[in-house]
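Here's the structure we're looking at; comments come further down.
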Amino acid sequence: MQNSSAGKAKEKHATHEVFDNVACPFCGMLCDDLEIENNDGTLKVLKNGCGRAISGFERKLPANSPQIGGKDVTLAEAVKEAAALIGKADSPLFGGLATGVEGMRAALALAERAGGVVDHALSEGQYRNVKVLQSAGWITSTLTETRNRADLLIIVGSDIRKLHPRFFERIVSPPHSMFEVTAPKRAVVFIGEVPERKDAAGPQVGQVITLACKVEQIGEVLGALRARLRSFHINAKTAGGIALAKIDALAELCRQAKYGVVVWAPPTLDVPHAELTVEQATGLVKDLNQTQRFAGLSLGGNEGAVTAAAVTTWQSGFPLRISYASGAPQFDPYNYSISRMLAAGEGDLLVWIASISPDLTPPATDIPTIVLGTPGLKLPRKAAVFIPVGTPGVDHAGRLIRCDSVVSLPLKNLHRAELPRVADVLASIEAAL
Ligand code: SF4
């Protein structure tokens, strides 16, 4: 719902509008309770915005025009040039993929037509999850379930607040819960490098425990916890630098929990073979489900990463890192990683889509690059073709999928700027092929 300050019937492009219940596209949580004012195209977050949301919505857009080789051209000329480059490429790479559901559908349609490879800019973090999900399976919760039910939260990793600034406010200690079943106080345990102990505060937070260790030691701590939950003997006095007595105390807390949740954000586990840490976290959940209710909750999904993976799965049957070179989708999480391909000199054209934040810089590469980007996107060098595009949920309506993968949220057109949708630009390029 939206309402104007004058209280009159709203018209598109009114000079002053206030939008409520706005969903925010600037991280994977997609908080949908923001209130935003549009004054002649200048947005102001009035309620419920974090710093990341404010810098996203209130960012001033630089002057922008479609460009070929750095020179301003019309949109039609840029589309024609992009189609020509894609038409003559043997192995086009479709990366970035920071867009909504409609943009992602169009990207897949174009990649299929062009015989290209499809991979999201942040898929390395996501693959820490995919490897575990494909090989071992897991039991997960949702943001809503966790917010309403959890009486024990074990938060694994670091920088969750940096990725999702309102996670603690909305999920760990929300002002209201949906049911009267939540324990009056929930225990919060941090295992990781930058313990965010001070963030776990509020009326719903009881005991807060910090088990500080390096990210690469988290798996060892979780492994020891799983062993002690099964009453296995451990000779060492510490595991991952944590005293065994503390791990035993956490095991007891787990046994007493009625609804425990292990939370992790794959991008924060940026160490080699971090999928083994995810496997320990999800294994802990499976172990505890033998006797009680426990679940995992994966965060992340910024820059439309969860949306890209979900749409690719619906359309092709595989999660990202696919190639249409043979005419049918082929999945290979190693060979079709675009960052690996570029480092190995593979691919002869990069099509980079970054419509959400200006920080999703295309990788430095010598091959020609077509960029569909939000104005102000940082570029390492001049793109062969640059087409400024709108941000879903700001410049046009759209849809994104939340980090827990269970809901897709509608995004409003806040009328910041008249910029084309990624979906429309890609459809025009495909039509011009
Ligand atoms: S936490 Fe994320 S989704 Fe919520 S307001 Fe901040 S940036 Fe937006």
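Okay, here's what the table says:
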{"read-out": "Filter result for residue 278 (at pLDDT below 95 and surrounded by fewer than 24 Cβ atoms within 10 Å (Cβ to Cβ))", "value": "no"}
{"read-out": "Residue within the range 47-65 that is within 16 Å of the ligand (Cβ to nearest atom), among the polar types (S, T, N, Q) and not in a helix (DSSP H, G or I) present", "value": "yes"}
{"read-out": "Candidate set from the range 27-41 (those that are open to solvent by 20 Å² or more (accessible area, probe 1.4 Å) and touching a residue at least 60 places away in the same chain (Cβ under 8 Å)); member that is nearest to the ligand (Cβ to nearest atom)", "value": "32"}
{"read-out": "Residue ranges of strands (runs of 3 or more DSSP E) in the range 162-279 with at least 3 members charged (D, E, K, R)", "value": "none"}
{"read-out": "Given (1) more than 16 Å from the ligand (Cβ to nearest atom); (2) surrounded by 17 or more Cβ atoms within 10 Å (Cβ to Cβ); (3) not charged (D, E, K, R), index of the condition residue 173 fails", "value": "(1)"}
{"read-out": "Selected residue (only one of 136, 111 is small (Gly, Ala, Ser) and either touching a Leu at 6+ places or on another chain (Cβ under 7 Å) or surrounded by fewer than 24 Cβ atoms within 10 Å (Cβ to Cβ) (or both))", "value": "136"}
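The values are calculated or read from the model by the stated rules, or taken from the named source; none is laboratory data. Note that the structure is a prediction, hence the values are computed from the model and not measured. Using ideal geometry, Cβ is built from the backbone for each residue, glycine included, and neighbour counts are taken over all protein chains shown. The area values use the complete protein model at the heavy-atom level, side chains included, leaving out ligands, DNA and RNA. Shrake-Rupley method; radii C 1.70, N 1.55, O 1.52, S 1.80 Å.
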